[in-house]
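The structure under discussion appears below in the form of structure tokens.
The values are calculated or read from the model by the stated rules, or taken from the named source; none is laboratory data. Being a predicted model, the structure only gives us computed values, none of them experimental. Here the Cβ is made from the backbone with ideal geometry for all residues, glycine too, and neighbour counts use every protein chain on show. When the accessible area is computed, the model is the full protein with side chains, heavy atoms only, and any ligands, DNA or RNA have been set aside. Shrake-Rupley method; radii C 1.70, N 1.55, O 1.52, S 1.80 Å.
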Amino acid sequence: EARRWLEGALEKDEQVSAGVRAKALSAVSFLGTRQIDPDLTEAAAEEGLRLGAEAEIEGSHIASFKNLLGEVARVRSDPERATQLFEEGLRLSRDAGDKRGTALALRGLAILSWDQGDHERSKELHEE
């Protein structure tokens with residue numbers, strides 16, 4: 001229901017600023033991960049990054065899009081891209097002082113390490 005409402009609002013009101021639209025797309029992208037819809041997650045996150053650049057948004061919102069795209073890459077079995085995106089999300093989250101974003105990036109990197117058989121590294125990332 002929330003996803004449908006957000007998507008409808010994004011379609012109707014093109015007069016909303018790029019920054020507000022980027023933030024709404026962050027919510028749509030997040031909902032896409034919860035509904036196991038990597039195509040929606042990717043499309044919303046990519047559009048959010050584009051609008052974020054247009055609106056000169058930095059920090060935790062951009063980190064969130066990077067982390068969401070990292071999750072899409074992980075689910076699609078692209079560990080190199082996923083690692084790159086999670087590391088970017090981690091750096092941006094730390095720079096912004098965003099503990100939630102930092103935790104999500106670390107979690108993504110830990111899962112990737114586990115999937116690649118590096119259980120010690122996975123444990124270290126989970127503990128961090």
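Just a few scattered comments:
- Look at where the Cα atoms of segment 97-128 and of segment 41-58 average out, and the two centres are 24 Å apart.
- In Hz, Karplus ³J(HN,Hα) per residue of segment 56-66 (6.51, -1.76, 1.60; θ = phi - 60°; x = Gly, Pro): 6, 7, 10, x, 5, 5, 5, 4, 4, 4, 4
- With the whole protein complex present, Glu127 retains an accessible surface near 130 Å², based on a 1.4 Å probe.
- Per residue, segment 38-96 exposes 49 Å² of solvent-accessible protein surface, assessed with a 1.4 angstrom probe and all protein chains in place.
- Counting only Cβ charges, +1 for Lys and Arg and -1 for Asp and Glu, the dipole size of segment 88-128 around its Cα centre is about 180 debye.
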